[in-house]
Amino acid sequence: MVDGCRRVATYILLTLAFSIVALDARAQDPMAVGPFAVDLRVAMPRFGQNERVAAQRDLSALQLPAWGLGLDVGAHVYPVKWKMVTFGVGVQALISEGTRSPTAEEAENNPDLPVIRTTLNTIAPQFSLNFGGTSGWSYISTGLGTSTFNVGSAETDLDDRRFSTLNYGGGGKWFAKDHLAFSVDLRFYAISPQGGTDKLPALASGGQAGALPRLKLMVFSIGVSFK
């Protein structure tokens, strides 16, 4: 927990430092992207129903929630412009979860079936290429950070390990007002495989052994941005 707090604090301090540089260097350029933006979006992660994840938890794949809901927040600055491209740096965080309750038929056949919850929480620095101007811009971006990923019932002990996670995607911001924009983002999160634990033993077969196979999750976010 302490390491996680330090990591978040480092990202925030770096973003603030770049903000000061960007605001000072580009305050006189009315057509520039930025110079900063803050995102606040509703996230809709597609968790899927991975058979290996289910098997390692003595579940069937159909018991897993396929979709979730969450919050996607970010802060970015845009210190350098080269021709048609503006380079951005920042930090982005995602908090999300999905649940699946047994259907009436499943509950009738097995009253002990639990509600299954999947959570994905991640934070990472971001590097972006931005195309556009003051009234709006599109972008592609990537970042390498860490995440926690948990699947189980309310009685399941949480896995507090942080997994190395690469994210990449793109989106756009369209400013209907000077400081308020409609914002969308489509992003993929590639979570590295992890070794087994006492509660999540490695599987004996089926490719990469481990409590969590390499996963790629898609997240679509929609909301607002401020500058």
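The values are calculated or read from the model by the stated rules, or taken from the named source; none is laboratory data. Remember, predicted model here, so these are calculated numbers, not experimental data. With ideal geometry, Cβ positions are generated from the backbone for all residues, glycine too; neighbour counts draw on all protein chains shown.
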Q) What number of residues in the stretch 93-128 are at pLDDT 90 or above and either over 18 Å from residue 61 (Cα atoms) or aromatic (Phe, Trp, Tyr) (or both)? A) 12
Q.
Please verify whether residue 96 is among the polar types (S, T, N, Q), in contact with a Gly (Cβ under 9 Å, 6 or more places away or on another chain), assigned to a strand (DSSP E or B) and free of Cβ contacts under 8 Å to residues at least 40 places away in the same chain, treating the condition exactly as stated.
A. no
**Q.** Residue under evaluation residue 53, criteria (1) in contact with a strand residue (DSSP E or B) (Cβ under 7 Å, 6 or more places away or on another chain); (2) more than 29 Å from residue 133 (Cβ to Cβ); (3) surrounded by fewer than 21 Cβ atoms within 10 Å (Cβ to Cβ), criterion not met
**A.** (3)
Q: Would you check if residue 70 is within 28 Å of residue 127 (Cβ to Cβ), out of contact with any Leu (no Cβ under 7 Å at 6 or more places or on another chain) and in a strand (DSSP E or B)?
A: no
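Okay, residues lined up against (1) at pLDDT below 90; (2) farther than 30 Å from residue 135 by Cα; (3) surrounded by 15 or more Cβ atoms within 10 Å (Cβ to Cβ):
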| position | (1), (2), (3) |
| --- | --- |
| 165 | no, yes, yes |
| 170 | no, no, yes |
| 183 | no, no, yes |
| 193 | yes, yes, yes |
| 201 | yes, yes, no |
| 204 | yes, yes, no |
| 212 | yes, yes, yes |
Q.
Being among the basic types (Lys, Arg) and under 30 Å from residue 212 (Cβ atoms) is the filter here; which residues of the stretch 57-90 pass it?
A. 57
(Q) So residue 156 passes all but one of these: (1) surrounded by fewer than 17 Cβ atoms within 10 Å (Cβ to Cβ); (2) among the β-branched types (Val, Ile, Thr); (3) modelled with pLDDT of 90 or more. Which condition number does it fail? (A) (3)
Q.
Take residue 151 and tell me if it is surrounded by fewer than 16 Cβ atoms within 10 Å (Cβ to Cβ), under 24 Å from the mean Cα position of the chain (by Cα) and touching a residue at least 24 places away in the same chain (Cβ under 8 Å).
A. no
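Kindly evaluate residue 145 against the criterion of being over 14 Å from the mean Cα position of the chain (by Cα) and either within 28 Å of residue 101 (Cβ to Cβ) or modelled with pLDDT of 95 or more (or both).
no
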Q | Enumeration of residues in the stretch 134-148 that are among the polar types (S, T, N, Q) and either without any contact (Cβ under 8 Å) to a residue 40 or more places away in the chain or under 19 Å from residue 213 (Cβ atoms) (or both) | A | 138, 142, 146, 147, 148
